[in-house]
Amino acid sequence: MSKVRKIIDEAKESKNPELDLVDKGISSFDEIPSLLTMLNLTRITLTHNRISVVTPALANLTNLEILNLFNNQVEELPTSLSSMPKLRILNLGMNKLSALPRGFGAFPVLEVLDLTYNNLNESSLPGNFFMIETLRALYLGDNDFERIPPEIGHLKNLQILVLRDNDLVELPKEIGELVRLRELHIQGNRLSVLPPELGNLDLTSNKSVIRMENNPWVAPIADQLQVGLSHVIDYLRSETYKFVYGRHISANAPAPARLTERTKKSSKPKP
Amino acid sequence: MPPGDMYKNTQCVRCDYGFEPHEKIVNTNGELWHPQCFVCAQCFRSFPEGIFYEFEGRKYCEHDFQMLFAPCCGRCGEFIIGRVIKAMNANWHPKCFLCEMCDKELADQGFIRHQNKALCHDCNARAKAASLGKHVCHKCHSMIDDRPLRFRGEVYHPYHFNCSSCGIELNADAREVKSRPGFTANEMNELYCLRCHDKMGIPICGACRRPIEERVVTALGKHFHVEHFVCAKCEKPFLGNRHYEKKGLAYCETHYHQLFGNLCFVCNQVIGGDVFTALNKAWCVHHFACSVCDTKMSQKTKFYEFDLKPTCKKCFDKFPAELRKRLKKAYETSPRKSSAAN
């Protein structure tokens, strides 16, 4: 622990605004109280530790722009985090979050939110989650979403949306309103159709990426996917597909079965 | 008969009483009046300088006659004595009835009513043309149905002119050339047919297709008016500022980076120096780092791709085994870029 204290003292001395405390066996902010007095910090990286509680006092670091808590044991977040005036990048990937606090969507300038590999689903999102208009990248891979609320259409600046390896059975048509989207990861879900509105987006240019493998697609989509992604997008834009989609929705077929692959996720609470 | 007796059996037209001997009598056209009875039918005062006006058997002083019966001019509001122009539901002095556009007198040349305005023939043609979005030829004063030719600040039918070089009758594609660059007086201008004009070697603006008489910007293999060389996105002229070319179009710095993605993924700012591109993203060289532990990486550092984020080997090895297994499987089954390109 003296090692951690030494790093903090050195950072204080050198007035370095960026603090790295990666893989230091830290299990609580109580072990690093002086951290909360370093008001000049712009980045704190606490990757690969064992922190389970994020102290509300962290929000006092009003100059913080990047907070990285990847691979910890965080189960709950303080509401105060959302009021941090300069926080642009928040990485909470690989934790044990099963809910987000009320009012979580109040971040004034958040641009990148990484919630990869947690236990989140649509009911864990607070009402204002999709009000973070400044968001340009949202990482929700390796979670338990079955549906994405239509309010996602509010994220007008979103360029990157990762929904890889969830339980999604459908996508909202509002995804077609994310005009700046250039990266969409929906591989490893239970999707069989896509909203035709997805065809509104420019996802086939050389500056765009769409990943959609490993889904139980209806035959015509699967066939186009064999030929290439641009063929899928062209197909979504066709009148034929609008008919196929309408018929599929009105048939109200049962959702494809849950995938079993991810049941061993380490973020799951131990039984 | 003594004087006075000749009126003995006569009486005043107005009051029917007789006249006293030696009394003053007014006689007009054989009618006799007491002087006090010979007054204006409206104001009962005697007629100034004996002038009266008669209307339907009554006599009026000039003032009351005009008040009651004379027309008022629709323009100056004064009474009209003499020639009255009746037009546009009003009365006018001939000098007051004017074309509402050019103030020409209309009394003798006639007028045309256009949208409740009295206009002369020329102005009517112009107004009609304007309401149809057309021009009136400055030479023949008739409407120009096809495209007009602009010359020395006026519009004309192109067929009134011939090419200054080859003499061919002009069409609307003809070009006006300022024969002495720098002189603004357009009396010096001459007209050329498009063919002759192109042979004269005057640069044509790649944006507006018009000749460039002043400063020329050369870019993208074309010439432009300084004010027409603009960002393809925001349409603001570069005016000498740096521009960026892409697929035959020019962009300002902000929009080039916004459109073509050279904003740093970490700081979201335009990348000033060298650009590090990978995973469909760009970074400032000093912002390229492992997305998990924020450790700086260089061009040469080997890294893994996780949701198109760079991940150093050390971090990737710390991922749960089941995740690494899934990622490996997905990587092996996903279509390769090389096969997609083929």
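Quick notes
- B:F303 meets all of the listed conditions (1) of a type outside the set (V, I, T); (2) more than 11 Å from every other protein chain (Cβ to nearest Cβ); (3) surrounded by 18 or more Cβ atoms within 10 Å (Cβ to Cβ); (4) within 30 Å of B:G206 (Cβ to Cβ) but one, namely (4).
- Residue within the range A:220-229 that is more than 26 Å from B:A282 (Cβ to Cβ), free of Cβ contacts under 8 Å to residues at least 60 places away in the same chain and assigned to a loop (DSSP other than H, G, I, E, B) present: no
- Among (1) more than 9 Å from chain B (Cβ to nearest Cβ); (2) crowded, with 20+ Cβ neighbours inside 10 Å; (3) of a type outside the set (V, I, T), the one test that A:P216 misses: (2)
- Hits in the range B:31-59 - residues which are out of contact with any helix residue (DSSP H, G or I) (no Cβ under 8 Å at 6 or more places or on another chain) and assigned to a strand (DSSP E or B): B:E31, B:W33, B:V39, B:S46, B:E54, B:R58, B:K59
- Screening the range B:73-83 for residues that are at pLDDT below 85, of a type in the set (A, V, I, L, M, F, W, C) and buried (at least 16 other Cβ atoms within 10 Å of the Cβ) and picking the one that is nearest to B:C40 (Cα to Cα) gives B:F79.
- Taken over the range A:59-114, the criterion of being assigned to a loop (DSSP other than H, G, I, E, B), polar (S, T, N, Q), closer than 24 Å to A:E18 by Cβ and touching a Leu at 6+ places or on another chain (Cβ under 8 Å) is satisfied by A:T62, A:N63, A:N72, A:N95.
- For A:S82: the one exception among (1) within 14 Å of chain B (Cβ to nearest Cβ); (2) surrounded by 23 or more Cβ atoms within 10 Å (Cβ to Cβ): (1)
- The range B:306-321, residues that are more than 60 Å from the chain's Cα centre (by Cα), more than 9 Å from chain A (Cβ to nearest Cβ) and in contact (Cβ under 8 Å) with a residue 12 or more places away in the chain: B:T311, B:C312, B:F316
- Single residue of B:V177, B:V136 found to be in contact with a Lys or Arg (Cβ under 7 Å, 6 or more places away or on another chain), within 30 Å of B:R209 (Cβ to Cβ) and crowded, with 18+ Cβ neighbours inside 10 Å: B:V136
The values are calculated or read from the model by the stated rules, or taken from the named source; none is laboratory data. Computed from a predicted structure; not experimentally measured. We place every Cβ from the backbone using ideal geometry, glycine too, and count neighbours over all the protein chains shown.
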